[in-house]
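The structure appears below as structure tokens.
The values are calculated or read from the model by the stated rules, or taken from the named source; none is laboratory data. A quick note: this is a predicted structure, and the numbers were derived from the prediction, not measured. When we count neighbours, we look across all protein chains shown, and the Cβ atoms used for this are built from the backbone with ideal geometry, even at glycine. Only protein heavy atoms, including side chains, enter the accessible area calculation; ligands, DNA and RNA are left aside. Shrake-Rupley method; radii C 1.70, N 1.55, O 1.52, S 1.80 Å.
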Amino acid sequence: MISVRGLEKRYGSVTAVDGVSFDVEAGEVFGLVGPNGAGKTSTLKMLCGLVDPSAGTIEVNGFDAGDPEMRRALGFLPEESPLYDEMSPRSYLRFFADLYDVDRAAATERIDAALDRLDLDARDRPVGDFSKGMKRKVAIARSLVNDPDVLVYDEPASGLDPITTNTVVEFTRELADDGKTVVFSAHDLHHVESVCDRVAIMREGELAATGTLADIQAEYGRVEYRVFTDVPVADADPAGDRYETVVESMDDVERVRETTREAGGRVIDIRTRESTLEDVFLDVAGA
Amino acid sequence: MNPRSVLRIARWETTRSAGDVDRRTAVAFVVVLLVIAALVPALVTYGPTPGEGIYRVGVDDDDDYRGVVAAEATLAAVDRAPSGVRTGDADLLVGDGGFVWADSAKGRASLAALRSATVAFNDRRMAREDNQSAAFPVVVTLTYADQSVSVTGQQTGDDAGADAGDQAGDTGDQTGDGTSDGTDGGTDDGTAGTEQPDSERDDDGSEAVSDLPSAPEGGLGGLLGDQQTGTPSSLSPPFPLRSLILAFAFLLPLNVVIQAYGSSVLAERINRRGEPLLVAPVSPADIVAGKTLPYLAGALALIAGIAVLVGAGPLAVAAVAPLAALFLAATFLGAMLARSYKELTFVTVTISVTLTAYAFVPAVFAEVHPIASISPLTVVVDSITGEGTTAGAFVLSTVPPALAATVMFGLGTGVYREEDMFTQRPIPAKLLDALAAPLDSRLRVGLWTALFMPFVFVTELFAVAVLFVAPVELSVPLLLGTVALVEEIAKSLHVYAGFERGRFPRTLRTSLVLGALSGAGFFLGEKLLLLTQLVGLPGIEVAQFAFSPSVVGLPPGVLLVAPLVLHVVTAGISAVGAARGRLEYVLAVLLAVLVHVAYNVAVVVGVA
């Protein structure tokens, strides 16, 4: 469905995206995560033909990025919700449906369906009167008026309250369930974790890791063993009336146990802790 | 470009823009427009005449000239005290001994005004005669003269004098020779001029005006000759003031339209509102055309409405249409470069002032001088006054603005993309982006140099319009320098932009190749200047230096090769500097200008 190869984007002497390659299968939800300035937005904009790559190729639905046919098959949601305050959602969405050659009846049906699912009732009021969350819903509805196969969403829940965020997250999952291919970027790792089939972590314009969450956690995550003893041993930190030593393998646990026994003490407790996605993100993205 | 997409965007733009204005504001705007539309023609037609009663003429109540003075708004009859001119109570005295006028610009102008009024007075009287053949016998005067300003002025001044003399007073001296025998008429004390008529006073005691001194400011002689003073009414043929004011009405709505249009374009860039449109399956050209169409259509509708109100024909609308497009194109480019509404205001004001001056200043000479053919408003004036417009004059006044508008829209569309629209870069940097955007290959450098010709042409025409009244000793050097500077910038600025934006490697070889292509492109585009031949503009001395300095006095082989060599060499010099940086570019352009000026001077000397 989407194939990206050797993608680069340079702005003067600054390289925003550097040799990024990935594939996204049909019906998959693919998340791009990374700190600010990692190159996520530039990658998404190149993906939907908004920005020309400095190098590399992008293919969406069999068409090059920017090709008019590719644009017809794609819905884009920018990070902000740039709307026209004086227009109502209905007239705004109809205009975009027109641009995509959607006939009037189908457009009306599609617009109503999208706004129903997003729970937006005010359809004939000027958008300028709307809250940020309501505007976001209109922007999401716009990305759907052409019934696209591919959706590219840049920070879809950015700056929204928890309730609206939840609505948007659930809606994104529903779109994937409907068979849409979704590529989006996010800062909120819980959002990513709850929606994405696969994730790519970007760092300084490059892909630092790609795969399912399980793959990434397996490859980049780790298990910590916290060994509690009643006597101080090397590298142990006081923890109340006990001493805590953190190690990363069972061999190390055995070594701590042996050292403690030689010191005349004993191991009181051993606890394990697996890395969360956030830990992995912090490690891999270098944040 | 997809017409369906363009129309959809145009319809949307209309709907959206309408939503921008609340109903009360819209109603108020329409009311104001209607009031202006109703008042302007009425004011021009029935309102006070500019300069009403400014010339005080001392004339007795029973004198035949009393009726002439009463019929002309700029003349006011006062008591004919013999000392009236000396005491300043009158500008001109009409008496038994002829005319006495103040030895001042106003005194001479009053004499010219009286003469014109007399001609008009007589014409009206003769028009009431039953025998029109006797009233208006056909007199043909053939005068062969160069199309130079001074010759034209002399000719019209003489003719006017003849006409005035032929039909003055009740009897009218129909055999008056119309010659002029004096212009100064100063007395020894230098306070007043007097003129004794050569012809006899008529039987009824009225004076024949055939011996009125030919006022020095009559015709272009006053405007361009030794006398630099004059008034509109002293020009012969008369200064078409009313028509000009009406023509100016065509420019007013354009200034309103560009405000709305510029705001709309900038609104797309504020808060990234235009971003979703860029992802839709429409091209930037579709978007630009669609957004522009309602404003262009609105401007044309207003122009057509004004044409109906002021009595101008379809040709006037056709002439102003490219000007409207140029207003919009310049605004579009400005709005694409501006970073805020504050900057946009500066841009639109600059555009208004510059283009209004370009359209209005040459039109001041409508019906007087070929320089007026530069301006589309001259076609409007001709349409209102019923004068014909030649095909050449129409082409000259409309094609350059139309081409300039096309190029400006092209440049603006080149930066109608995400990377340029939403960044807050300085205007010069974005201008370089716009110039560099189309340079996909080296050949395009030559192509775009040729496309810049309308700007060069418009600028040089404007320079000629501004400088042609100045003494040749001043205007020619200034014009040679201006022409060289404008042309060298046109040949090199985009080359510099190309280097700055990394379109070309900064090597000597590339610089020379780009310079050669740019020079060749300019040489070919320069042929556009042949348009000036259509209206005989090179007949103006100063224009000859601007547009065809090499036409005279050089062998045919040199004629063909010399300009090409010049443009290639100077463009090469600028390109070498452009490849090395900004300061080097500026210095290189200055060097190229010097070479260019030296070439022009050599040609001028050769011509001389």
Cα shape, region B:240-437, gyration tensor, a/c 1.5 rule: prolate
Region A:212-287 - percent of accessible surface contributed by carbon and sulfur, probe 1.4 Å: 44
Relative contact order, percent, chain A [alpha-carbon distance under 8 Å, six or more residues apart]: 21
Threshold 30 Å² - residues in region A:86-107 whose accessible area is reduced by that much or more when the chain is no longer isolated, probe 1.4 Å: A:Glu86, A:Met87, A:Phe95, A:Phe96, A:Asp98, A:Leu99, A:Tyr100, A:Asp101
Order of exposure, largest accessible area first, which applies to B:Leu254, B:Leu594, A:Leu213 with probe 1.4 Å: B:Leu594, A:Leu213, B:Leu254
Length added when fully stretched, B:Arg580-B:Asp61, from 0.36 nm per residue minus Cα-Cα: 178.8 nm
Where A:Glu86, A:Glu206 fall by accessible area, highest first, once all protein chains stay in place (1.4 Å): A:Glu206, A:Glu86
Tilt relative to chain A, helix A:89-99 - C-alpha long axis, 0 to 90 degrees, to 10: 80
Candidates A:Tyr243, A:Tyr92, A:Tyr225, ranked by Gaussian network fluctuation over chain A, Cα under 10 Å, top entry: A:Tyr243
Accessible area expressed per residue, region B:55-126, with surrounding protein chains retained (probe 1.4 Å, Å²): 39
Chain A shape via C-alpha gyration tensor axes, a/c threshold 1.5: prolate
Interface burial for A against B (accessible surface, 1.4 Å probe, total of both chains, Å², rounded to 100): 2300
Accessible area per residue, Å², region B:240-437 with all protein chains present, probe 1.4 Å: 31
Within chain A, helix-based [θ] at 222 nm, where runs of 4 or more DSSP H residues each add -39,500 (n - 2.57), nearest 500: -10500 deg cm²/dmol
Surface per residue (accessible, 1.4 Å probe) for region A:89-229, Å²: 41
Of all accessible heavy-atom area on region B:55-126, the percent that carbon and sulfur account for (1.4 Å): 46
Per DSSP, loop GluC sites (Glu not before Pro) in region A:1-31 with at most 16 further Cβ within 10 Å: A:Glu25
1.4 Å probe, heavy atoms, protein only - residues of region B:1-16 losing at least 30 Å² accessible area vs chain alone: B:Arg8, B:Trp12, B:Arg16
Mean separation of Cα contacts under 8 Å (6+ apart) over length of region B:240-437, as relative contact order %: 29
Percent accessible area from carbon and sulfur atoms, region B:240-437, protein chains only, probe 1.4 Å: 74
Over 21 Å (Cα to Cα) - which of B:Lys491/B:Lys527; A:Lys40/B:Lys291; A:Lys9/A:Lys132; A:Lys135/B:Lys430 fall in this group: A:Lys40/B:Lys291; A:Lys9/A:Lys132; A:Lys135/B:Lys430
FRET efficiency, B:Ala260 to A:Glu69 (Cβ-Cβ, R0 25 Å, nearest 0.05): 0.10
Alpha-carbon centroids, region B:365-406 and region A:5-47: separation in whole Å: 55
Shielding of B:278-286 by partner chains, average beta-carbon count, 10 Å: 6
Sparse-neighbourhood loop sites, GluC sites (Glu not before Pro) in region B:337-389 - DSSP loop, at most 15 other Cβ within 10 angstrom: B:Glu387
For A:7-16, mean number of other protein chain Cβ atoms within 10 Å: 1
